[in-house]
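Here's the structure we're looking at; comments come further down.
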Amino acid sequence: VNIGRDERVRLAGPNGAVLHTDTYTLQTQAAAVVWSTAGSATPLLDFRVCRLLGRGNGVSFAGDAKAYMNQSVFDELIANTNASDLFGRRTAGLATIGSLKDINTVLLEENLPQIVIFDGGYKTGQAANTFTPFLAADKVVIVGKRPGGTPIMEYLMTRNATNPSAAPGAYTRVVQDVNEVPTRVEVHDGHNGGPAIYFPSAVVILSV
C-alpha cells in the first residue's frame, strides 16, 4: 500500500509508450500512537477518528465497514494493555479480550469497523524466496459501505492477445523446450486485469 501520494494507473502500449494514465486519491489517517506501543496505543480511538472520515463522502466507516490487516498488525492490536482504550473493555464475566471475535464484538458495540485478517502475499525471486505480504506490516485498510450497498470497486479483466479473439479472462500457455534433457515444460497461467475503484474516498489507509 502506497501512502502519501496519489495512486496511479498506467496503460502501456506495445512499444512501451504510455497510452493512458489515471490517478485516484485514497484517504489516509495515522494512529495517535503506533500500535506496537501496547501500553499507550489507542486503537479504539483511531477507529473512531476514521469513522468520521465518511462525512460528506456518501460512505460509512462504521460497524458495516471492514478493516483489513495482516496477522502481525492484529497481533499488535490484541496485545494492547492500555486500560483507557481496548484493554479496558471486558467480555462476559469480566474476562479480558483474547480473540478476534471478542475484539469485533467490542467494535460492533461501538459501531466501528469489523476486523478481517488477510495474510496473503507473494514471493519474490527464486533464490531469495522472500515473502512479501499484500498488506504492509503497519497499515490497516478500511473499506467503507456505500448507501444501498453500491459497489465501491471491482476487479476488471482486460483483453489478452493469447485468448481466442483476444477476449478478456484467464489464459494458459504451455512452453516446451526439447533442447534440454530431460525436456523442460513450463506452464504459464495468469490473466490481464486490475482493480477499478469507483469511489476512492470509500477507502481509508490507517497507518498504525
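The values are calculated or read from the model by the stated rules, or taken from the named source; none is laboratory data. Just so we're clear, the structure is a prediction, and the values are computed from it rather than from any experiment. Cβ: placed from backbone, ideal geometry, glycine included. Neighbour counts: every protein chain shown. Side chains are part of the model used for accessible areas, which takes the heavy atoms of the whole protein and leaves out ligands, DNA and RNA. Shrake-Rupley method; radii C 1.70, N 1.55, O 1.52, S 1.80 Å.
So here's what we get for this one:
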item	result
Leading residue at positive end of dipole, the chain (Cβ point charges), from Gly190, Pro200, Val178	Pro200
Relative contact order (%) - criterion: Cα under 8 Å, at least six apart; region: the stretch 64-198	23
Cβ charges +1 (Lys, Arg) and -1 (Asp, Glu), total dipole of the stretch 116-208, debye	340
Distance in nm between pseudo-label sites at Asn111 and Thr150 (7 Å out along the Cβ direction from Cα)	2.1
Carbon and sulfur %, accessible surface of the chain computed with the full protein complex present, 1.4 Å	54
Using a Förster distance of 22 Å, the FRET efficiency for Ala137-Leu100 (Cβ separation, nearest 0.05)	0.80
Largest-first ordering by accessible area, 1.4 Å probe, given options Lys101, Lys139	Lys101, Lys139
Backbone N under 18 Å from the Thr172 label point (7 Å along Cα→Cβ), restricted to the stretch 180-208	185-192
Surface accessible to a 1.4 Å probe, per residue, for the residues of the chain, Å²	60
Percent antiparallel among DSSP beta bridges (both partners in the chain, rounded to 5)	80
